[in-house]
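The values are calculated or read from the model by the stated rules, or taken from the named source; none is laboratory data. Model, not experiment: these values are computed from the prediction. So basically every Cβ, Gly included, is an ideal-geometry build from the backbone, and we count neighbours across all protein chains shown. Accessible surface is based on the protein model in full, side chains and every heavy atom, while ligands, DNA and RNA are left aside. Shrake-Rupley method; radii C 1.70, N 1.55, O 1.52, S 1.80 Å.
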Amino acid sequence: MRHGPQKALTGSALDSRVAQFGRRSMIRGVLSIGNGSSSAAVTITAVDTNNTMLSVSQDGDGAVNRWDASVAMVVLTDATTITATRTTTTGDVCRTSYQVLEFWPGVIKSVQRGTITLAGAASNTATITTVNTSKSLLFDLRYSTTELAVPHTITTRLTLTNATTVTASRAVGTGTNVSSYQIVEFY
C-alpha cells in the first residue's frame, strides 16, 4: 500500500508510461488560411499514415461575415503534410488547430480517409472497406462550402452508418459542401 503524495511523471518516465498505451508520437499546431488564399499547408515530422489519426478544430475571424470563408476541409495529404482547403479566397482568416497522433504498429488495424460531396443535396454517402463498428472511430475533418450564410442549417454532419458506409448530411442547402472524414479501426 502506498502512502503519501505521488510524484508526477515527467520526461522519459512519462514517455515510457504513455508508450504503454500505444502512442508513438504526437504533433500539435495551428494552420491558417489567410485573406486572399483558398488553401494552406503545413509540414510536419514524418509519420506512418497507416498508424496515424488526425483531429481538428476550426474558427474564422468573421471579418466578412461569410460562412464559405470561415470553414475549410482538412486532409492528411501525405506523411509530412496537412492541407486545409476552402472554396473562396475572400475575407476571413480560417484557423485550424490540429493534433496528429501516431501509434505504434499493432494498435490501429486500418485508417480510411476520404471526402463526401453534397451538391445541392441533403445527404450523400461514401462506401468504405468493411470495419468493425464497435472498434472504429469516425473523425469529422471539417468541410468546405459554397454557402455564404445561415450556418445553422448548412453545417455538415457525418455518421458511420454501418460497417461499409459513411453518410454526410445537412438540414438544408443548395450549395456544395465537401466533407473530409477519417475512419480509424482499432484491433
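For the stretch 176-187, which residues satisfy the criterion of being open to solvent by less than 20 Å² (accessible area, probe 1.4 Å) and more than 15 Å from Ala72 (Cβ to Cβ)? Please lay out each step first, then the result.
Residues of the stretch 176-187 that are open to solvent by less than 20 Å² (accessible area, probe 1.4 Å), as a first pass: 177, 179-185.
Within the stretch 176-187, Gln182, Ile183, Val184, Glu185 meet the criteria.
Checked against (1) touching an Asp or Glu at 6+ places or on another chain (Cβ under 9 Å); (2) in a loop (DSSP other than H, G, I, E, B); (3) on the phi < 0 side of the Ramachandran plot; (4) not charged (D, E, K, R), Gly91 meets all criteria but (3).
Condition check ((1) farther than 19 Å from Asn35 by Cβ; (2) β-branched (Val, Ile, Thr)) across all residues:
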residue	(1), (2)
Arg66	no, no
Val71	no, yes
Thr77	yes, yes
Thr80	yes, yes
Thr88	no, yes
Gln99	yes, no
Glu102	yes, no
Thr117	yes, yes
Asn124	yes, no
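Of the set (1) open to solvent by less than 30 Å² (accessible area, probe 1.4 Å); (2) over 19 Å from Val56 (Cα atoms); (3) out of contact with any Gly (no Cβ under 7 Å at 6 or more places or on another chain); (4) at pLDDT 95 or above, all apply to Ala126 but (3).
If the condition is being surrounded by 14 or more Cβ atoms within 10 Å (Cβ to Cβ), of a type outside the set (Ser, Thr, Tyr) and under 15 Å from the mean Cα position of the chain (by Cα), then the stretch 52-77 contributes Met53, Leu54, Val56, Gln58, Val71, Ala72, Met73, Val74, Val75, Leu76.
Could you tell me whether Gly36 is at pLDDT 85 or above and assigned to a loop (DSSP other than H, G, I, E, B)?
Working: at pLDDT 85 or above: yes; assigned to a loop (DSSP other than H, G, I, E, B): yes.
So Gly36 fits the description; yes.
If the condition is being modelled with pLDDT under 85 and either buried (at least 21 other Cβ atoms within 10 Å of the Cβ) or more than 18 Å from the chain's Cα centre (by Cα) (or both), then the stretch 147-170 contributes Glu147, Leu148, Ala149, Val150, Pro151, His152, Thr153, Ile154.
Filter the stretch 129-146 for residues that are aliphatic (A, V, I, L, M) and open to solvent by less than 70 Å² (accessible area, probe 1.4 Å); which is nearest to Val166 (Cα to Cα)?
Looking only at the stretch 129-146, we keep the residues that are aliphatic (A, V, I, L, M), and these are 131, 137-138, 141.
Okay, now just the ones that are also open to solvent by less than 70 Å² (accessible area, probe 1.4 Å), so 131, 138, 141.
Values: Val131: 11, Leu138: 9, Leu141: 13 Å.
Filtering first and then ranking leaves Leu138.
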